[in-house]
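Before any comments, here is the structure.
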Amino acid sequence: MSAKFWRSLLVRTALGVVGISALIGGLVMLSAATEARKVANSEVARRLTELVDTVQNTTSIACFVGDKQLAAELAQGLLRNSEVALVVIRAEGQILAKVGRMSFSDDADELPLGPTHPIVRPVYSPFDATRQIGEITLIPDAQRIGQIVRDEGERIYLILAIQLIAVAAAAVASVLYLIVRPIQRMSDELHRLDATAGQLLPVPVGHERNELGRLAGDINDLAGRLVSTLEDEHALRLQREVDERKFRAIFDNAESGILLTDGSGEVISFNPSFLRLCGLTEGQAPASLKALAWQHGDELLGLIHECADSGRALGGDFLLELADGESRWLSFSFGAVGGGQIQGVVIDVTARKTEEVAARLLAVTDSLTGLGNRAALEQHLGELMGVSGAGFVMLLLDIDGFRRVNESLGLVAGDEVLRQSAYRLRGHLPGAWLARVGADEFAAVLPPGAEADSAAFTALVEAMALPFELHEQPLFLGASIGLVRYPADGTDIPGLLRNADLALERVRREGGQGFRCFEPGMAEQAERRRRMEKDLRLAVQQNELQLYYQPIIDLKENRLAGAEALIRWRHPEQGMISPDVFIPLAEESGMIRDIGLWVLNEASTQLAAWRGAGMDMYVSVNVSVKQIPDDLPAQVVLDTTRSHGIEPDHIALEITEGVLMSDVSHGLAWLESLNQAGFRLYLDDFGTGYSSLSYLKRFPMDTVKVDKSFVRDMSADNNDRALVGAIVMMAKGLGLSTVAEGVETDDQLLLLKALSCRYAQGYLFSKPVPAAEFPALRARINGELALASGM
């Protein structure tokens, strides 16, 4: 009986509830007491902090004036709070007041500690909130605070203990009445229940809607489910038959092809759409996918094998040759369905494939000319290079002067030139693979094994020099061609294109209208130019450039009138480098802008110094065609000279005829702006290019400089003398002055004077010299000219 009692659900439940309640209650009481202590200490600290805040301003005044009486009164006032044991007020390291409920030594460094830490508050000057002048310290009364904490803990213990006892008693009673007794009654009824007679287990009174009621209901349902199971199985069998008929209807009427195969590609079943997509009739059903005319049948069967082995869903597009000679792209999606069988879904993707081919063709085709583009060129070169032992010739063709077409005639005219150029290429290079690889650059790849025919390339250059018909107006351009041979001139695509471009660049520098084959020296020269460009950038940054000055002589007044500023580069390793070498490099790399601005500023600085020293003269500065008009605006020239206190007519700007030819409208506007500002404008190297009287009439020039090539070969009775005389007379008739360059002999000087040439410069007077040597040179030249005129 005793053992049965202790095994009963009631006893075990009661013991469990009491034990758990005691354990949880103990932990809660311990935690609550601990938290109560923390709260009490925190509350004391908060009250003491607020207490210190109330006397903050008064304390700052007491510390500021060092008033011990006031500090003592403050401390006594704070000590009236029962929670304060000691108050210490310090100012500048001295104790102004130290008052406590017990005796403490004034010299003690250690303060007593309690449950609540001391409150230490810095005291700042009432006139400077950033300057600390002392501090106030409050020591809490440990005994008082401890008593408060103990009282609070005992109160919480008592409340929690009462609550625990009440909760445990209520829990035991609830479990007994609500759970144990109903379960016992259900157990007794269950022992008497005859399920075979259809009896039901009664629901305990009052528990119809809770878990016990649902338990009784579940037990009652169990018997009914045994009967209904057979009925459900019968209904499912009927439903499967309906689903199979539905699937068959979908299978037979689906627009997509559906088939079932084994792992080797043998066809087990298929729907009518599969036959239609394969171009077959019902009587032509294939026993295997191998029997169909696939372009890549092995890949299709390999896909089925892989799907069967891995169990993964796989797919791909395959081209099927139909019996009527047409072809069709079919997309297969395979998936394993178990038992070694593979299900496939087939759709017709012929339209999509056709669009993809068209898109790929468009991606490698130049829409303007119908030729290939750069991507197509690289693809074609890659295919040729992949053929073992296949050598070929490739050329790059650039249309000379094409930029002027777009700038002067517009983009429509430029497009027409490109179309006509493509037409001429097709006509003169039959069998060649052609592409447009740049704005005005074409490529042609001759058939493998074809030799480079100089006569054919010459004929192509001549054909490109023929006039282009644009709106019944002929336009003469020309072409430059660079050739390379594979594999002699490059074994990869970037190298071959780079070397072809180097050969093309050589033709451009030689004036265009020709063709050149690549030579190894071109690559070496390009590398030298790259290194020189790098050195030139460093030279600009490290002030390695300097200006030399060559005198300009007024032949009428027999005096030095001015000087031409000439840039020089003293390379730290190569020595002096000619401007003819690095100026074109600066123009190509874009450094000419910075160099040109430096030259103008340096020349203006030097001229200001000379004129300040009493030297009445001007300085001429050369301007590159690349600087006009954007890199050297007229306003920048005017601002630079004004910043040095120089009048505009003390600076002459020398331009070549290339400025007049490159962009007439912009060049004319730039020249007129400078002319209106008062600058002198010189036309340099007159007679060597496209010089004509129309330029001198149209552009606001002041002076013409006769090229040294005419002066050097001038004698009393030759054509050069007549040409120089004609230039001088023409300039004088237009109200222009002339400067003869390259004067080296007295005979040349006498002839120039006889021709009434106003100015001259050359080695006869002096080579270009550094600025430091120029004042002495000027004095010598003026002395010699004065002496010669006196004789």
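The values are calculated or read from the model by the stated rules, or taken from the named source; none is laboratory data. Note that the coordinates shown come from a computational prediction; the quantities given were computed from them, not determined experimentally. FYI the Cβ positions are ideal-geometry reconstructions off the backbone, even for glycines, and counts take in every protein chain you see. Each accessible area value is taken on the protein alone, full model and side chains, heavy atoms only, with ligands, DNA and RNA left out. Shrake-Rupley method; radii C 1.70, N 1.55, O 1.52, S 1.80 Å.
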Determine whether residue 563 is closer than 26 Å to residue 781 by Cα and in a strand (DSSP E or B). yes
So is residue 507 crowded, with 17+ Cβ neighbours inside 10 Å, in a helix (DSSP H, G or I) and of a type in the set (A, V, I, L, M, F, W, C) or not? yes
Filter the range 271-286 for residues that are out of contact with any Ser or Thr (no Cβ under 9 Å at 6 or more places or on another chain), within 15 Å of residue 346 (Cα to Cα) and hydrophobic (A, V, I, L, M, F, W, C) and give the result. 278, 280
Filter the range 50-61 down to the residues that are within 18 Å of residue 100 (Cβ to Cβ) and either open to solvent by 90 Å² or more (accessible area, probe 1.4 Å) or assigned to a helix (DSSP H, G or I) (or both) and list them by number. 51, 52, 59
Pairs, first in contact (Cβ under 8 Å) with a residue 40 or more places away in the chain and in a strand (DSSP E or B) in the range 369-396, second among the charged types (D, E, K, R) and surrounded by 14 or more Cβ atoms within 10 Å (Cβ to Cβ), C-beta under 6 Å, six or more apart: 393/485
For the condition open to solvent by 50 Å² or more (accessible area, probe 1.4 Å) and under 30 Å from residue 395 (Cβ atoms), what is the one hit in 542, 513? 513
Could we say that residue 492 is in contact (Cβ under 8 Å) with a residue 60 or more places away in the chain and within 31 Å of the chain's Cα centre (by Cα) here? yes
Please work out which one of (1) open to solvent by less than 10 Å² (accessible area, probe 1.4 Å); (2) more than 24 Å from residue 759 (Cα to Cα); (3) out of contact with any Gly (no Cβ under 9 Å at 6 or more places or on another chain) is the condition residue 597 fails and give its number. (1)
Of all residues in the range 62-109, count the ones that are modelled with pLDDT of 80 or more, among the hydrophobic types (A, V, I, L, M, F, W, C) and surrounded by fewer than 17 Cβ atoms within 10 Å (Cβ to Cβ). 1
Considering residues of the range 573-627 that are in contact with a Lys or Arg (Cβ under 6 Å, 6 or more places away or on another chain) and of a type outside the set (D, E, K, R) only, the residue farthest from residue 508 (Cα to Cα): 576
For the range 620-633, give me each residue that is of a type in the set (A, V, I, L, M) and either in contact (Cβ under 8 Å) with a residue 60 or more places away in the chain or open to solvent by 20 Å² or more (accessible area, probe 1.4 Å) (or both). 625, 628
Look at the range 757-791 and say how many of its residues are of a type in the set (A, V, I, L, M), free of Cβ contacts under 8 Å to residues at least 24 places away in the same chain and either surrounded by 13 or more Cβ atoms within 10 Å (Cβ to Cβ) or closer than 24 Å to residue 608 by Cβ (or both). 4
Only one of these conditions is not met by residue 653: (1) within 18 Å of residue 628 (Cα to Cα); (2) surrounded by fewer than 22 Cβ atoms within 10 Å (Cβ to Cβ); (3) modelled with pLDDT of 90 or more. Which number is it? (2)
Report yes if some residue within the range 166-185 is modelled with pLDDT of 75 or more, assigned to a helix (DSSP H, G or I) and open to solvent by 70 Å² or more (accessible area, probe 1.4 Å); otherwise report no. yes
Would the range 520-538 turn up any residue that is part of a loop (DSSP other than H, G, I, E, B) and open to solvent by 50 Å² or more (accessible area, probe 1.4 Å)? no
Quick check on this structure: which one of 442, 392 is open to solvent by less than 20 Å² (accessible area, probe 1.4 Å) and touching a Pro at 6+ places or on another chain (Cβ under 7 Å)? 392
Determine, yes or no, whether residue 383 is more than 23 Å from residue 284 (Cα to Cα) and open to solvent by 60 Å² or more (accessible area, probe 1.4 Å). yes
Contacts under 6 angstrom Cβ, first residue in the range 423-452 being closer than 17 Å to residue 463 by Cα, partner part of a loop (DSSP other than H, G, I, E, B), 6 or more apart: 432/446; 434/371; 443/437; 444/429; 444/432
With respect to residue 643, determine if the residue is modelled with pLDDT of 85 or more and either surrounded by 20 or more Cβ atoms within 10 Å (Cβ to Cβ) or within 45 Å of the chain's Cα centre (by Cα) (or both). yes
Which pairs turn up if I take residues in the range 41-64 that are closer than 13 Å to residue 117 by Cβ and of a type in the set (A, V, I, L, M, F, W, C) and look for partners that are in a helix (DSSP H, G or I) and at pLDDT below 80 with beta carbon separation below 7 Å, at least 6 apart in sequence or on another chain? 44/145
Here is a list: 563, 613. Which entry is more than 19 Å from residue 543 (Cα to Cα), surrounded by 15 or more Cβ atoms within 10 Å (Cβ to Cβ) and of a type in the set (Gly, Ala, Ser)? 563
Kindly indicate whether any position in the range 399-421 is of a type in the set (Lys, Arg), modelled with pLDDT under 85 and surrounded by fewer than 17 Cβ atoms within 10 Å (Cβ to Cβ). yes
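To keep it simple, each residue is scored yes or no on (1) touching a Phe, Trp or Tyr at 6+ places or on another chain (Cβ under 8 Å); (2) of a type in the set (D, E, K, R); (3) closer than 15 Å to residue 554 by Cα.
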{"site": "737", "(1), (2), (3)": "yes, no, yes"}
{"site": "740", "(1), (2), (3)": "yes, no, yes"}
{"site": "747", "(1), (2), (3)": "no, yes, no"}
{"site": "761", "(1), (2), (3)": "no, no, yes"}
{"site": "777", "(1), (2), (3)": "no, no, no"}
{"site": "781", "(1), (2), (3)": "yes, no, yes"}
Do we have any residue at all in the range 340-360 that's under 30 Å from residue 485 (Cα atoms), out of contact with any helix residue (DSSP H, G or I) (no Cβ under 9 Å at 6 or more places or on another chain) and not small (Gly, Ala, Ser)? yes
Could you list, in sequence order, the residues of the range 698-740 that are closer than 16 Å to residue 655 by Cα and open to solvent by 70 Å² or more (accessible area, probe 1.4 Å)? 698, 708
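Just the residues that are under 23 Å from residue 787 (Cα atoms) and out of contact with any strand residue (DSSP E or B) (no Cβ under 9 Å at 6 or more places or on another chain), please, taken from the range 522-558.
Within the range 522-558, the first condition is being under 23 Å from residue 787 (Cα atoms), and the residues that meet it are 550-558.
Result: 557, 558.
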Which one of these is under 30 Å from residue 179 (Cα atoms) and either in contact with a strand residue (DSSP E or B) (Cβ under 9 Å, 6 or more places away or on another chain) or at pLDDT 75 or above (or both): 23, 15? 23
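Looking at 442, 468, which one is at pLDDT below 90 and either under 18 Å from residue 517 (Cβ atoms) or under 44 Å from the mean Cα position of the chain (by Cα) (or both)?
The match here is 468.
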